[in-house]
Amino acid sequence: MNEFEINYDKLVEKSLKNVVIEALKIAAEEGLPGEHHYYISFKTNHPVARISSQLLDQYPEDMTIVLQHQFANLMLGDAYFEVDLSFSGIPQTLRIPYDAITYFADPHAKFALSFSYDNEQSAAIDTDNEPPAEPKQAPVISLEDYRKKHA
């Protein structure tokens, strides 16, 4: 008999990460209504994350971005999203893998989620076969399905 354990913490975290993905999808398709805005913290050193070397020098491990009024081209891929933001007046495109997200909040809704970051699992991602540079608009699939597809 095959003995294994069900990791309910990971199952819950996966479900809550899908809440973040759905919230991002709403922002991408409809914009953010009223005073809603998102704080998103993520691991900048994730192998699939893409930020400029200047930002990586400033934020070698973690970074928090705000999506409110001044963001553009929010596009969701299967394993990450991309967004254009300005830093010191310089527009930049960031690629943020969903599994690199450590915190998500919408202060207007008084809603926040924290996530653990599995360094070993992220280090095992094959960056030679990473997702294409241009993200797809839809559909969004789970990270587990993405990993199965690209294993």
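With respect to (1) of a type in the set (Val, Ile, Thr); (2) assigned to a loop (DSSP other than H, G, I, E, B); (3) surrounded by 15 or more Cβ atoms within 10 Å (Cβ to Cβ), the lone exception for Ile6 is condition (3). Quick one: in the stretch 40-79, of everything that is under 19 Å from Glu30 (Cα atoms) and not hydrophobic (A, V, I, L, M, F, W, C), which residue is surrounded by the fewest Cβ atoms within 10 Å (Cβ to Cβ)? Top of the filtered list is His69. The sole residue among Ala23, Ala27 that is within 18 Å of Asp99 (Cα to Cα), touching a residue at least 24 places away in the same chain (Cβ under 8 Å) and crowded, with 19+ Cβ neighbours inside 10 Å is Ala23.
Taken together, the values in this text are just the output of simple stated rules run on the coordinates, not laboratory data. As the structure is a prediction and not an experimental result, all values here were calculated from the model. Backbone-built Cβ (ideal geometry, glycine too); neighbour counts: all protein chains shown.
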